[in-house]
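K.L.:
If you scroll down you'll find the structure; I have some questions about it.
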Amino acid sequence: MKKFFCAAIFLAALGVAAPACADVDRPAKFQAPVLITGFGQCIDANLAKIFVHRLGIGYQYGLDISPEAVDWNSCRTVIAVLGCSNGVCCCSLGCDVRSVLTRDGRVSKVVCGISLLDEEDRCRRILDEAKKRRIPVVAMHLGGMQRRLRTSEPFMPFAGEADYVVVRADGNSDGYFTRLCAEKNIPLRSMEKGTELKEVIEQMFKS
């Protein structure tokens, strides 16, 4: 922190703007009830649900919930956990991936019965509805780099449309989320281990 501060002073003296620092030590405050879903239907969303439940925070959970099934009247925060399901990750390591036509006629990869394009559309509609209602969105990536391979890739950019981002450090070893959040001026919270998520969520929702 001291080094960054000194560098900022030095750059200011030269008339150069210091780079934005997206990383934060403590989460912002959010309100419950919270909608928890997977953007890509990654089972890691269940980890967020477990900690939210243990902390006694009101929530609605649906790994593949449609926007029409969300109780938007009571929803105060959306937690979107980014990444594909375990089956999708297995397929990204070499198994066969089938293709089908989506509802609008586009060819889409399908793994474990999930059309990736249809899933992207579901995520987009949830995000758009939250924005329309001015409900903050917290994007989380709770896996390592393997959770960002191939079929998970289409869901990572959704972090750039969130109001707050939480990632596990080993899933950001290439600095992808750091650059994305700095570019979009989004606060970024990094964890060393997934077990830290309970503390992060508690700080986010407990006064």
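The values are calculated or read from the model by the stated rules, or taken from the named source; none is laboratory data. Everything numeric in this text was worked out from a predicted model, so none of it was measured. All accessible areas refer to the heavy atoms of the entire protein, side chains included, with ligands and DNA or RNA removed. Shrake-Rupley method; radii C 1.70, N 1.55, O 1.52, S 1.80 Å.
K.L.:
Using amide H atoms built 1.01 Å from N in the peptide plane, name the residues 5+ places from Leu55, or on other chains, whose amide H lies under 5 Å from its own.
P.N.:
Under 5 Å from the amide H of Leu55 lies no amide H from a residue far enough along the sequence or on another chain.
K.L.:
List the residues whose amide H sits under 5 Å from the amide H of His141, counting only those 5 or more places along or on another chain, with H placed 1.01 Å from N in the peptide plane.
P.N.:
Long-range HN contacts for His141: Leu82, Val166, Val167, Arg168.
K.L.:
Under a 1.4 angstrom probe, counting protein chains only, how are Thr151, Thr195 ranked by accessible area, largest first?
P.N.:
The ranking, largest first, comes out as Thr195, Thr151.
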